[in-house]
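Student: The following block contains the structure, expressed as structure tokens.
The values are calculated or read from the model by the stated rules, or taken from the named source; none is laboratory data. It should be emphasised that the depicted structure is a prediction, and the values quoted were computed from it without experimental measurement. Surface areas here come from the heavy atoms of the whole protein model, side chains and all, with no ligands, DNA or RNA. Shrake-Rupley method; radii C 1.70, N 1.55, O 1.52, S 1.80 Å.
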Amino acid sequence: MIELTNLTKAYGGKLAVDDLSVTVRPGRVTGFLGPNGAGKSTTLRMILGLNAPSAGTVTVDGVPFATHPRGLRHAGALLDAGDVQGGRTARGHLRVLAASNRIPRDRVEEVLDLAGIGAAAGRRISGFSLGMRQRLGIAAALLGDPPVLLFDEPFNGLDPEGVLWVRELFKSLAAEGRTVFVSSHLMSEMENTAEHLVVIGRGRLIADESLAAFAGRG
Ligand code: ADP
Ligand code: ADP
């Protein structure tokens with residue numbers, strides 16, 4: 001469960017996230033929908049403790065993430081897949097993350113397979129397509145077997161087969177009782193993916209309701 005209470009982030013005089021209060025529940029896929037610049041990435045970074053809120057609070061399963069001792073074993077995330085450093089191999093990248101989060105090495109091979117990139121594990125990330133980087137980022141998010149998972153624009157760069165795969169992955173993670181929060185700027189990506197939607201625009205909450213209810217607004 002993720003709880004945002006009056007969460008606010010200002011950059012200079014501009015509010016990127018404006019008084020957002022939302023509870024993201026476990027056991028279902030929640031979509032985080034809004035146009036580019038709406039404040040989705042800023043919100044996800046605050047949930048992870050990577051950006052400090054200007055006001056308000058975030059907790060992940062009752063604990064502020066920034067102080068959470070379990071790190072990637074508590075919340076995993078795919079953020080900015082295009083930014084992953086290219087020098088290492090996929091396996092090497094995941095091994096470094098595993099080591100710094102006290103995750104057993106065997107888990108690296110498991111998540112490479114879960115993400116469908118086992119065959120590319122020994123290749124350098126610099127040669128990866130965006131779709132491959134997305135899969136690597138998803139593998140990293142799964143590494144710690146966390147109860148809370150955040151995915152920022154995970155569909156970008158995936159081929160049609162990858163889109164179908166990732167939808168099923170999100171649903172199975174939710175069916176295991178995890179909290180799954182998936183951002184997108186496209187309603188079409190949320191259909192057949194999310195059961196519930198948190199919709200924002202210009203940093204403010206527009207809707208927090210089932211996808212069916214939101215789609216029915218016309
Ligand atoms: P989204 O993920 O929905 O596209 P972002 O959270 O990336 O939106 O951005 C929300 C707003 O905050 C945008 O106006 C963006 O330009 C601004 N912003 C994001 N990061 C920074 C930053 N580091 N410094 C200044 N402005 C930022
Ligand atoms: P450090 O340089 O100490 O690793 P980071 O800014 O990379 O600091 O990470 C700060 C905290 O956020 C750590 O607990 C780390 O585990 C967590 N963290 C960093 N990146 C991610 C991510 N992509 N997904 C989940 N947690 C992350």
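Student: For the chain, with all protein chains present and a 1.4 Å probe, just round the carbon and sulfur fraction of the accessible area to a whole percent.
Tutor: After summing per-atom areas, the C and S share lands at 50 percent.
Student: Report relative contact order for the chain in percent, whole number only (criteria: Cα-Cα under 8 Å, sequence separation at least 6).
Tutor: Computed over the chain, the figure is 31 percent.
Student: Let me have the 222 nm mean residue ellipticity of the chain computed from DSSP H runs of 4+ only, each contributing -39500 (n - 2.57), with the sum over all residues rounded to the nearest 500.
Tutor: It lands at -8500 deg cm²/dmol.
Student: Oh, and also: So with the 1.4 Å probe, I'd like the accessible area per residue for the chain, rounded to whole Å².
Tutor: In whole numbers, the chain has 45 Å² accessible per residue.
Student: Can I ask one more? Note the full-extension length gain between residue 212 and residue 119 as 0.36 nm times their separation in residues minus their Cα-Cα distance, in nm to one decimal.
Tutor: Full extension from residue 212 to residue 119 adds 29.6 nm.
Student: Report, in cubic angstrom per residue, the convex hull volume of the C-alpha atoms of the range 1-48.
Tutor: 73
Student: Then there's this: Kindly identify the range 161-218 as rounded, prolate or oblate by the Cα gyration tensor criterion: order the square roots of the eigenvalues as a ≥ b ≥ c, call it rounded if a/c is under 1.5, otherwise compare a/b with b/c, prolate if a/b is larger, else oblate.
Tutor: The shape class here is prolate.
Student: Still on this structure: In 5 Å bins starting at zero, report the fraction of Cα pairs in the chain per bin as a rounded %.
Tutor: Result, from short to long distances: 1, 7, 15, 20, 20, 17, 11, 6, 2, 0 percent.
Student: Thinking of the range 11-97 as a set of Cα atoms, what percent of all their pairs are more than 23 Å apart?
Tutor: Summing the P(r) tail past 23 Å for the range 11-97 gives 34 percent.
Student: Can you give me the C-alpha center-to-center distance between the range 131-191 and the range 1-57, rounded to a whole angstrom?
Tutor: First find each Cα centre; the distance between them is then 18 Å.
Student: Shape verdict for the range 60-185, please, from the Cα gyration tensor: rounded (a/c under 1.5), prolate (a/b greater than b/c) or oblate.
Tutor: oblate
Student: Moving on. List every DSSP H helix in the chain whose Cα atoms extend 24 Å or more along the helix's own long axis and whose mean Kyte-Doolittle hydropathy is at least 0.5.
Tutor: Helices meeting the span and hydropathy rule in the chain: none at all.
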